[in-house]
């Protein structure tokens, strides 16, 4: 029995020692495993942070470069942005080639050239002088023809005879405007046209001036879709027809006529205007310094205008305008503006231009002044009725020589 107890006790002691050793080993293994996991986590987290830092640096670099690029683009395009957001504070040099030297503010939607600064009073060569000049030219042509005949006989050439064409300029073209004689017993007439009309608000302000003002409506576009509808209830109005300006001009209207347009395209555009404005007869050019100088383009335009019963009014944005030549060719009255009212947009300047128009009317029997739908222009016209006491404001179709 004693031996059995001894054996049993020894077994218990061995088992206890074995269990303690195993526990120590297990503990050490757990500790080792935990340490490995901790170290791995530490390195992984560090690596992750390093990657994040690298990504942050890359993102920062990209953002910095993008910012520089955006800033550069913004600076390059700043003028265009400013024009569309606050165009009234811009200078004319941003919009056209021939800069008007003035510190006043201009409207980017109109083409300004030096020609707009000039009051236009046409000087026409007297008919007697034209006849005399023509006789001289014809005589000279006959002499040259005789010389050609002699040369032909001598050399026995079989070429056709060539005549020297007569050179014709505007001064030698006689229209009803040129033959009009002013009856000084009657009050001189003044026509005031407001271009660029496209909204009901502008229309109402013009009607509120209190005497006849001719409104020239821009054709409908996405920017002003109702510009035809609001004209229809007026007793008289015009169409302000967009035509090609110089390459420096910004703010071109949709469907502006170009010098390279085919006759079919121009004719279709004129037909569309007739459908939009069934009662309109007169149309003047919006911008158009390039278009009105081009012989082929103007010939196509007048041909289409004649077909749809329109009469052209020359805003004269170029001193080289061919409007008179083609008005004569297509048997239309020649109508041309004398002055612009609001090249400089302050009360005194606009009123000075109005006085010039009045003086021209007193001298010639009539005058045509063009303005734009600016508040200062409306203010001058409304508050300057006392200046009009010696002239009669009329609509364009009442010009005395028409």
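Quick note: the coordinates plus some simple rules give every number you see, no bench work behind them. Here the structure is a predicted model, which is why all the values come from computation and not from measurement. Neighbour counts are summed over all protein chains in view; Cβ atoms, including those assigned to glycine, are modelled from backbone coordinates with ideal geometry.
Selection of segment 247-267 for residues being surrounded by 13 or more Cβ atoms within 10 Å (Cβ to Cβ) and without any contact (Cβ under 8 Å) to a residue 12 or more places away in the chain yields only 265. Would you call residue 313 touching a strand residue (DSSP E or B) at 6+ places or on another chain (Cβ under 6 Å), within 30 Å of residue 262 (Cα to Cα) and touching a residue at least 40 places away in the same chain (Cβ under 8 Å)? For residue 313, the condition - touching a strand residue (DSSP E or B) at 6+ places or on another chain (Cβ under 6 Å), within 30 Å of residue 262 (Cα to Cα) and touching a residue at least 40 places away in the same chain (Cβ under 8 Å) - is met.
The set of residues from segment 325-335 being within 17 Å of residue 367 (Cβ to Cβ) and crowded, with 21+ Cβ neighbours inside 10 Å comprises 334, 335.
Evaluated against (1) closer than 23 Å to residue 118 by Cβ; (2) in a loop (DSSP other than H, G, I, E, B), residue 348 falls short on exactly one condition, (2). Among the residues of segment 357-393, those that are buried (at least 19 other Cβ atoms within 10 Å of the Cβ) and either free of Cβ contacts under 8 Å to residues at least 12 places away in the same chain or within 14 Å of residue 214 (Cβ to Cβ) (or both) comprise 357, 366, 367, 368, 369, 370, 371, 372, 373, 377, 381, 393.
Residue count for segment 296-339 satisfying the condition of being touching a helix residue (DSSP H, G or I) at 6+ places or on another chain (Cβ under 8 Å), part of a helix (DSSP H, G or I) and more than 18 Å from residue 247 (Cα to Cα): 15. For segment 351-402, the set of residues classified as assigned to a loop (DSSP other than H, G, I, E, B) and out of contact with any helix residue (DSSP H, G or I) (no Cβ under 8 Å at 6 or more places or on another chain) consists of 365, 372, 374, 389, 395, 399, 400, listed by residue number. Each residue in segment 190-221 was checked for being part of a loop (DSSP other than H, G, I, E, B) and either surrounded by 13 or more Cβ atoms within 10 Å (Cβ to Cβ) or under 14 Å from the mean Cα position of the chain (by Cα) (or both), and 10 of them qualify.
Per-residue answers, yes or no, for (1) under 27 Å from residue 371 (Cβ atoms); (2) more than 22 Å from the chain's Cα centre (by Cα):
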site: 266; (1), (2): no, no
site: 273; (1), (2): yes, no
site: 278; (1), (2): yes, yes
site: 282; (1), (2): yes, no
site: 287; (1), (2): yes, no
site: 296; (1), (2): no, yes
site: 299; (1), (2): no, yes
site: 310; (1), (2): yes, yes
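Taking the conditions (1) more than 21 Å from residue 316 (Cβ to Cβ); (2) assigned to a loop (DSSP other than H, G, I, E, B) in turn, residue 230 satisfies each one other than (2).
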